[in-house]
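Enquirer: Here's a structure for you.
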Amino acid sequence: PYDDGNIFAKIIRGDIPCEKVYEDDAVIAFMDVMPQAEGHVLVVAKKPSRNLLDAADDVLGPLFAVVRRLARAAKSAFNADGVMIMQFNEKAAGQSVFHLHVHVIPRKMGTALKPSGGRVEDRAVLAAHAAAIRSALD
Ligand code: DGP
C-alpha cells in the first residue's frame with residue numbers, strides 16, 4: 001500500500017524543501033539531491049501512488065507530457081547529446097522512494113552515468129541547475 005510518509009509526499013506538501021524546476025496541478029519536478037549526471041531532474045505525480053503499477057491511467061498523460069518538456073529543457077540547458085528517462089517499480093527493480101516518479105537525466109557522449117545513491121550535491125549547485133533548466137523551458 002501507499003504510505004504518505006515518503007520523502008516525495010513531504011516535498012509535495014511543502015514539509016521539506018526542494019530545488020523546484022516546474023509545478024502544475026498534477027505534477028511537480030525538482031532536482032535529484034544525488035544527481036547521476038548534471039541536470040538530473042525528478043518528475044513526480046502529485047496524486048498518490050507507489051509507482052507506475054498502481055497509478056491511475058489519467059495520471060500518466062500529464063506526467064509524461066512534463067517528462068518530455070523537461071527532457072527537452074534539460075538537454076538544451078546542459079548542452080547534452082541525449083536524455084535518459086528512468087523509472088523503477090518496487091525495491092527489486094531499484095525503487096527507493098515509493099511515490100511515482102520519473103528520472104530525467106541529460107547525457108553527454110563519453111560521460112559515464114554516476115551510480116545511484118552517490119554524493120549529495122551542494123544546494124547552491126542544485127539551485128543553479130534548477131534555474132538553468134527553468135530558463136530553458138518553453
Ligand atoms: P528511485 O526511488 O530509486 O527511483 O530514486 C529516488 C531518487 O530520489 C534518488 O535518485 C535520490 C532521490 N532523493 C532521495 N531523497 C531525496 C530528497 O530528499 N530530495 C530530493 N530532491 N531527491 C531525493
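Read-outs: derived from the displayed coordinates by stated rules, not from any lab. It should be emphasised that the depicted structure is a prediction, and the values quoted were computed from it without experimental measurement. Cβ atoms come from the backbone with ideal geometry, glycine included; neighbour counts cover every protein chain shown.
Enquirer: Give the range of the longest stretch in the chain that excludes all trypsin sites (Lys or Arg not before Pro) found in loop regions by DSSP and having at most 15 other beta-carbon atoms within 10 Å.
Expert: Values: sites that count: Lys108, Arg119.
Looking at the chain, 1-107 is the longest stretch - no exposed trypsin sites (Lys or Arg not before Pro) with at most 15 other Cβ atoms within 10 Å.
Enquirer: Something else about it: Cα axis of helix 123-136 to longest principal axis of the chain: angle in degrees, 0 to 90, nearest 10?
Expert: It is inclined by approximately 80 degrees.
Enquirer: Further question on the same structure: Check cross-link reach from Lys114 to the lysines: straight Cα distance under 19 Å, and skip same-chain residues fewer than eight apart.
Expert: Lys75
Enquirer: With the contact rule set at Cα under 8 Å and sequence spacing of 6 or more, what percent relative contact order holds for the chain? Before the final figure, lay out each step's value.
Expert: Values: 241 pairs, mean separation 44.5, N = 138.
The value is 32 percent.
Enquirer: While we're here: Give, in nm to one decimal, the length gained when the segment between Leu113 and Asn79 is fully stretched (0.36 nm per residue of separation minus the Cα-Cα distance).
Expert: Working: separation 34, 0.36 × 34 = 12.24 nm, distance 1.59 nm.
Gain on extension, Leu113 to Asn79, equals 10.6 nm.
Enquirer: With +1 on each Lys and Arg Cβ and -1 on each Asp and Glu Cβ, and nothing else charged, work out how big the dipole of the range 1-40 is about its Cα centre, in Debye to the nearest 20.
Expert: Values: 3 positive and 9 negative charges, 21 e Å.
Using only the charged Cβ atoms, the result is roughly 100 debye.
Enquirer: Any idea what the dipole of the chain comes to, in debye rounded to 20, about its Cα centre with Lys/Arg Cβ at +1 and Asp/Glu Cβ at -1? Before the final figure, lay out the partial values.
Expert: Numbers: 17 positive and 17 negative charges, 78 e Å.
The calculation lands at about 380 debye.
Enquirer: When we measure straight from the Cα of Lys47, which lysines land under 22 angstrom away, once same-chain ones fewer than 8 places off are left out?
Expert: Straight-line reach from Lys47, under 22 Å: Lys10, Lys20, Lys91.
Enquirer: Grab the DSSP H runs of the chain that are 4 residues or longer, score each as -39,500 (n - 2.57), total them, divide by all residues and round the 222 nm result to the nearest 500 deg cm²/dmol. Each step should come with its number before you reach the end.
Expert: On the way: 3 runs with 42 residues, N = 138.
That calculation yields -10000 deg cm²/dmol at 222 nm.
Enquirer: Run a plain Debye calculation on the range 1-87 (Cα atoms as equal point scatterers, no solvent) and give log10 I(q)/I(0) at q = 0.17, 0.25 Å⁻¹, rounded to two decimals, same order as the q list.
Expert: -0.73, -1.42
Enquirer: Please state the Cα pair-distance histogram of the range 73-121 with 5 angstrom bins from zero: what percent is in each bin?
Expert: Binned Cα distances yield the sequence 5, 17, 22, 24, 19, 11, 2.
Enquirer: Which order do Leu126, Leu70, Leu42 fall in if you start with the one that has the fewest other Cβ atoms within 10 Å?
Expert: Details: Leu126 19, Leu70 28, Leu42 22.
Ascending number of Cβ neighbours within 10 Å: Leu126, Leu42, Leu70.
Enquirer: In addition: Give the Kirkwood hydrodynamic radius (Å, one decimal) of the range 45-87, defined as one over the mean of 1/r across all pairs of different Cα atoms. Intermediate values should be presented prior to the final figure.
Expert: On the way: mean 1/r = 0.0858 Å⁻¹.
11.7 Å is the Kirkwood radius here.
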